[in-house]
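Peer 1: Before I ask anything, here is the structure I am working with.
The values are calculated or read from the model by the stated rules, or taken from the named source; none is laboratory data. Predicted model only: the values in this text are computed from it and were never measured. Methodologically, a virtual Cβ is constructed for each residue, glycine included, from the backbone with ideal geometry; neighbour enumeration extends over all protein chains shown. We work out accessible area using only protein heavy atoms, side chains counted, and drop any ligands, DNA or RNA first. Shrake-Rupley method; radii C 1.70, N 1.55, O 1.52, S 1.80 Å.
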Amino acid sequence: GSCWHQCCPGRNNTCWAPGARRARCYCDSYCERTGDCCEDYRAACRRAAAGCAVGPWGPWSGCSSLCGVGSKARSRQVTVPPGRGGEPCPDLKQRRGCLGEHPTCGMAK
């Protein structure tokens, strides 16, 4: 089978070519883990593969709640998108819990 026509990132069961004895061979980057790559996978896909690259994390946002349980978030940007079966991008957003403690929280009316 030949991957010259397609190379896919990650696990993609639609990214295959006819192989020997009517078996399918795959052209997705997951085929390296499962050992069912087409014969020319490395030459056609891995040589030109570009893994995703991301920038640094930005600062955490303020707490979404002034008083009590809330959440904070931060993000980062893709600097080099994945190409030709390269590693996909990691998470670009993170969220964590926080406790809003604005000075007015303890004031009862």
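Peer 1: Condition test on Leu66, is it over 15 Å from the mean Cα position of the chain (by Cα) and aliphatic (A, V, I, L, M)?
Peer 2: For Leu66, the condition - over 15 Å from the mean Cα position of the chain (by Cα) and aliphatic (A, V, I, L, M) - is met.
Peer 1: Could you give every pair whose Cβ atoms fall below 6 Å, whose first residue belongs to the stretch 70-90 and is assigned to a strand (DSSP E or B), and whose second residue is charged (D, E, K, R), counting only separations of at least 6 or pairs across chains?
Peer 2: Ser71/Arg95; Lys72/Arg96; Ala73/Arg95; Ser75/Lys93
Peer 1: Just to verify a result, which residue in the stretch 41-52, among those that are in a helix (DSSP H, G or I) and among the small types (Gly, Ala, Ser), is least open to solvent (accessible area, probe 1.4 Å)?
Peer 2: Filtering first and then ranking leaves Ala44.
Peer 1: On the given criteria, is Gly55 open to solvent by less than 70 Å² (accessible area, probe 1.4 Å) and under 30 Å from Cys15 (Cα atoms)?
Peer 2: Yes, satisfied.
Peer 1: Let me ask you something else. Here are Cys37, Cys27: which of them is touching a helix residue (DSSP H, G or I) at 6+ places or on another chain (Cβ under 7 Å) and either of a type in the set (A, V, I, L, M) or under 22 Å from Val80 (Cα atoms) (or both)?
Peer 2: Cys27
Peer 1: May I ask you to list the residues in the stretch 7-40 that are touching a strand residue (DSSP E or B) at 6+ places or on another chain (Cβ under 6 Å), among the acidic types (Asp, Glu) and not in a strand (DSSP E or B)?
Peer 2: Asp36
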